[in-house]
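Here the structure comes first, spelled out in structure tokens, and everything after it is commentary.
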Amino acid sequence: MAFPQQRPRRLRRTAALRRLVSQTSLSPNDFVAPLFVKEGINAAEPVLSMPGVSQHTIASLRAEVNDLVALGIPAIMLFGVPAHKDARGSGADAPDGIVQHAIRQLKDDHGETLVVMVDNCLDEYTDHGHCGILRNDGSVDNDATLDRYASIAVAQATAGADIVAPSGMMDGQVGVIRNALDSAGFSDTTILAYAAKYASALYGPFRDAAECAPKFGDRKSYQMDPANAREAIDEVALDLDEGADIVMVKPALAYLDIIATLRTEFSAPLAAYHVSGEYAMVQAAAINSWIDGDAVAMEHMLAIKRAGADIVLTYFARRVAELLGV
Ligand code: PBG
């Protein structure tokens, strides 16, 4: 057995985790707010393509998370935007890197009442904007990248992350991260795998927010082809075998068939990421008064849950919780 067995107890460890995986209908308990924290800025900077979303300072991040916790949101997904980028994404696993700093601060503020998830990838940290280490010909070196992901996961767990979320779509990433975490004494640290992540045009606004658009080429050699459905089953099976605790489909609304299929095929908690482009489309139309933004947002969330998602990552998390009331 190359990989440690899945340990369901990880998901029962805190009240917030248990709320997160409960199989109920629309409730703040089921939502995760993705948040951006940027190094070297003095005030939060609005992301123009995502009205209502900002790149945070540590101070504005703390204020936002206080509000989210008060609204009953159990979890956040952190993305770091470093001041300096290089070819190997050194900022990603630096002990004093921006995301590690943010994790420590938020765990200090909230302890077990907040599930701190963190994106485990390189694109926010590399100067070329790709999710891995590149060979001379510009292609991604899968196995060299795995070493980086393992080191990043340990740095994030050391800072106090509850959940690490590998999003780079390298083969074997979940197993390598699980082994690295266990070897470093973090067997309780949970893995949320971006298992069925499609090469989507809907990530555009995120790449503004995380400043991570690839400088050349695209991500089609590592992210999934939108034409493929059965392949999602294989991806999820591999990730679960390697020790993933939660698996995710991304984006959400254009992939509801995938969510529904995975719900019937697997019993692990299933997340869906309602991504930046999905959010931006609703906000753009709402700002023009072409649609009722709140109503459409709630309808979208309902659709994602109805398809079978237990957990929804969305930039609407705060708004949804406000609308649901606590
Ligand atoms: C990769 C990552 C991306 C998103 C989440 N993690 C960008 C990408 O794959 O290009 C996109 C999320 C969104 O669009 O909201 N670190």
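Against the criterion of being surrounded by 16 or more Cβ atoms within 10 Å (Cβ to Cβ), more than 15 Å from the ligand (Cβ to nearest atom) and closer than 17 Å to VAL53 by Cβ, VAL320 qualifies.
Considering region 304-317, the residues that are among the aliphatic types (A, V, I, L, M) and assigned to a helix (DSSP H, G or I) include one that is surrounded by the fewest Cβ atoms within 10 Å (Cβ to Cβ), namely ALA307.
TYR198 fulfils the conditions (1) open to solvent by 30 Å² or more (accessible area, probe 1.4 Å); (2) at pLDDT 95 or above except for a single criterion, (1). Scanning region 220-229 for residues that are more than 8 Å from the ligand (Cβ to nearest atom), touching a residue at least 24 places away in the same chain (Cβ under 8 Å) and either within 29 Å of PRO51 (Cβ to Cβ) or not small (Gly, Ala, Ser) (or both) yields a count of 4. The single condition among (1) open to solvent by less than 10 Å² (accessible area, probe 1.4 Å); (2) assigned to a helix (DSSP H, G or I) that ARG148 does not satisfy is (1). If you go through region 289-303 one residue at a time, do you hit one that is surrounded by fewer than 15 Cβ atoms within 10 Å (Cβ to Cβ), at pLDDT 95 or above and within 16 Å of the ligand (Cβ to nearest atom)? No, region 289-303 contains no residue that is surrounded by fewer than 15 Cβ atoms within 10 Å (Cβ to Cβ), at pLDDT 95 or above and within 16 Å of the ligand (Cβ to nearest atom).
If the condition is being open to solvent by less than 30 Å² (accessible area, probe 1.4 Å) and polar (S, T, N, Q), then region 268-288 contributes only SER276. For region 174-219, filtering for residues that are in contact with a Phe, Trp or Tyr (Cβ under 9 Å, 6 or more places away or on another chain) and away from the ligand (no atom under 12 Å from the Cβ) leaves 8. Got at least one residue in region 79-97 being in contact (Cβ under 8 Å) with a residue 12 or more places away in the chain, among the polar types (S, T, N, Q) and within 22 Å of PRO166 (Cα to Cα)? Among the residues of region 79-97, at least one is in contact (Cβ under 8 Å) with a residue 12 or more places away in the chain, among the polar types (S, T, N, Q) and within 22 Å of PRO166 (Cα to Cα), which makes the answer yes. Filtering region 84-102 to residues that are more than 16 Å from the ligand (Cβ to nearest atom) and within 19 Å of ALA209 (Cβ to Cβ) leaves HIS84, HIS101.
Scanning region 260-277 for residues that are touching a helix residue (DSSP H, G or I) at 6+ places or on another chain (Cβ under 6 Å) and within 16 Å of the ligand (Cβ to nearest atom) returns ALA272, VAL275, SER276, GLY277. Evaluation of VAL81 against the conditions (1) open to solvent by less than 40 Å² (accessible area, probe 1.4 Å); (2) under 21 Å from GLY111 (Cβ atoms) shows that the sole unmet condition is (2).
Which of (1) touching a strand residue (DSSP E or B) at 6+ places or on another chain (Cβ under 8 Å); (2) at pLDDT below 95 does ASP137 not meet, given it meets every other one? Looking at each condition in turn, ASP137 falls short on (1). Just one of (1) within 23 Å of ALA268 (Cα to Cα); (2) open to solvent by 10 Å² or more (accessible area, probe 1.4 Å); (3) in a loop (DSSP other than H, G, I, E, B) fails for GLY168. It is (2). Per the listing ASP245, ASP241, ASP257, the residue uniquely open to solvent by less than 10 Å² (accessible area, probe 1.4 Å), more than 16 Å from the ligand (Cβ to nearest atom) and not hydrophobic (A, V, I, L, M, F, W, C) is ASP245. Report whether or not GLU124 is within 16 Å of the ligand (Cβ to nearest atom) and in contact (Cβ under 8 Å) with a residue 12 or more places away in the chain. Criteria met by GLU124.
Here LEU256 fulfils each of the conditions (1) more than 21 Å from ASP119 (Cβ to Cβ); (2) in contact with a Pro (Cβ under 9 Å, 6 or more places away or on another chain); (3) among the hydrophobic types (A, V, I, L, M, F, W, C) apart from (2).
The values are calculated or read from the model by the stated rules, or taken from the named source; none is laboratory data. These figures come from a predicted structure and were not determined experimentally. Neighbour counts run over all protein chains shown; Cβ positions are idealised from the backbone, glycine included. Surface accessibility is based on the protein's heavy atoms, side chains included, excluding ligands, DNA and RNA. Shrake-Rupley method; radii C 1.70, N 1.55, O 1.52, S 1.80 Å.
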